[in-house]
Ligand SMILES: [Cu+2]
């Protein structure tokens, strides 16, 4: 396992203000190995074992900024990605539902009033010809401690319509991040 999770001071490029943050660096491992993972892949074609992920979280007076960077994924492909509630496990469903600031009373949530990129953290990205991609999300909330534990990478871009909002197909990979 190659893991680096640390607290550090992050100088925000947007505001120039120094704030608190967390950085997680991981290398995807095949779920077939069993056990616990920093970063796990369920689809070796889309997210090959050995490909790399970085997640940066920084909190500011006005909210939270989350950055996702991927290296070595399937080239020229669009993926969905979100912050999920639970840690990654050996099964794709283990990471639970999306983290929501205002929790939809009707779960699973597919109402655009709750399942949207202001109330959740969406990090969809498209890889370049070398399989590298990145995304940044800025939200005006702060994670409740212990309730946001992973970033999940999905099959396709996140949908937004009623009854489908927040859906992005199969869960291809997952990285543990101790948000908040
Ligand atoms: Cu998701």
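Brief remarks follow.
- Footprinting exposure proxy for 171, 69 (fewest neighbouring C-beta atoms within 10 Å first): 69, 171
- Global geometry of the stretch 33-94, whether rounded, prolate or oblate, following the gyration tensor of its Cα atoms and the 1.5 cut on a/c: oblate
- Gaussian network model of the chain, springs between alpha carbon atoms under 10 Å - residue of 108, 75, 87 with greatest fluctuation: 108
- Put in order of Cβ neighbour count within 10 Å, fewest first, the listed residues 106, 91, 86 become 106, 91, 86.
- Rg and Dmax [Cα atoms of the stretch 4-176; Å; Rg one decimal, Dmax integer]: 15.3, 44
- Packing order of peptides 27-33, 122-128, highest average first: 122-128, 27-33 (average count of other Cβ atoms within 10 Å over each peptide's residues).
- Going from the residue with the fewest nearby Cβ atoms within 10 Å to the one with the most, 19, 88 rank 19, 88.
Just so you know, all these numbers are worked out from the coordinates, no wet-lab data involved. Since the model is a prediction, treat every value here as computed from it, not as a measurement. Because the Cβ atoms are built from the backbone with ideal geometry, glycine has one as well, and the counts that use them run over all protein chains shown.
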